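Working notes, beginning with the structure itself.
The values are calculated or read from the model by the stated rules, or taken from the named source; none is laboratory data. Please read all numbers here as calculations on a predicted model, not as lab measurements. Note: ideal-geometry Cβ built from the backbone for every residue, glycine included; neighbour counts use all protein chains shown.
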């Protein structure tokens with residue numbers, strides 16, 4: 001199951017700097033472990049914000065919930081989850097890069 005997840009981070013300004021640094025380092029290690037496993041497929045920074053857009057490929061809603069709640073920075077995040085489905089105009093579904101014809105521009 002594919003999900004697009006937006007994570008907006010707001011670390012409190014009064015959080016002890018050592019605690020913040022340690023939490024951020026732990027978060028990085030956790031996210032990279034999930035990326036290596038293939039469950040956290042992509043991560044992009046949202047320019048100008050302390051936010052990211054990530055794509056998760058997990059077996060269930062429950063697994064995604066477990067991953068998100070396991071994020072060390074979770075308590076400082078606003079998270080938006082969007083389930084994804086294939087689009088009928090995706091040329092990959094039509095059998096290759098050219099899709100055997102012209103792909104629709106419809107969204």
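Give all pairs with beta carbons closer than 6 Å in which a residue from region 1-30 that is in contact (Cβ under 8 Å) with a residue 24 or more places away in the chain meets a residue that is surrounded by 13 or more Cβ atoms within 10 Å (Cβ to Cβ) and assigned to a helix (DSSP H, G or I); count only pairs at least 6 apart in sequence or on separate chains.
Here the result reads 3/64; 9/76; 10/76; 11/20; 11/76, each pair linking region 1-30 to a residue that is surrounded by 13 or more Cβ atoms within 10 Å (Cβ to Cβ) and assigned to a helix (DSSP H, G or I).
Taking the condition on the phi > 0 side of the Ramachandran plot, under 15 Å from the mean Cα position of the chain (by Cα) and free of Cβ contacts under 8 Å to residues at least 60 places away in the same chain, does residue 70 pass?
Spelling it out, it is not the case that residue 70 is on the phi > 0 side of the Ramachandran plot, under 15 Å from the mean Cα position of the chain (by Cα) and free of Cβ contacts under 8 Å to residues at least 60 places away in the same chain.
Within region 3-32, track down each residue that is under 10 Å from the mean Cα position of the chain (by Cα) and in a strand (DSSP E or B).
Correct list: 3, 4, 5, 6, 7.
Scanning for something farther than 27 Å from residue 86 by Cα and at pLDDT 95 or above, does region 32-46 turn up at least one residue?
No, the conditions are met nowhere in region 32-46.
Conditions (1) part of a strand (DSSP E or B); (2) loosely packed, with under 12 Cβ neighbours inside 10 Å, marked per residue:
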| residue | (1), (2) |
| --- | --- |
| 34 | no, no |
| 41 | yes, no |
| 44 | yes, yes |
| 56 | yes, no |
| 59 | no, yes |
| 62 | no, yes |
| 68 | no, no |
| 72 | no, no |
| 78 | yes, yes |
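Pick from region 80-91 the residues that are within 14 Å of the chain's Cα centre (by Cα) and loosely packed, with under 14 Cβ neighbours inside 10 Å: which of them is farthest from residue 11 (Cα to Cα)?
84
Quick one: would you say residue 17 is surrounded by 11 or more Cβ atoms within 10 Å (Cβ to Cβ) and at pLDDT 95 or above?
No.
Among the residues of region 48-67, count how many are over 14 Å from residue 10 (Cα atoms) and in contact (Cβ under 8 Å) with a residue 24 or more places away in the chain.
12
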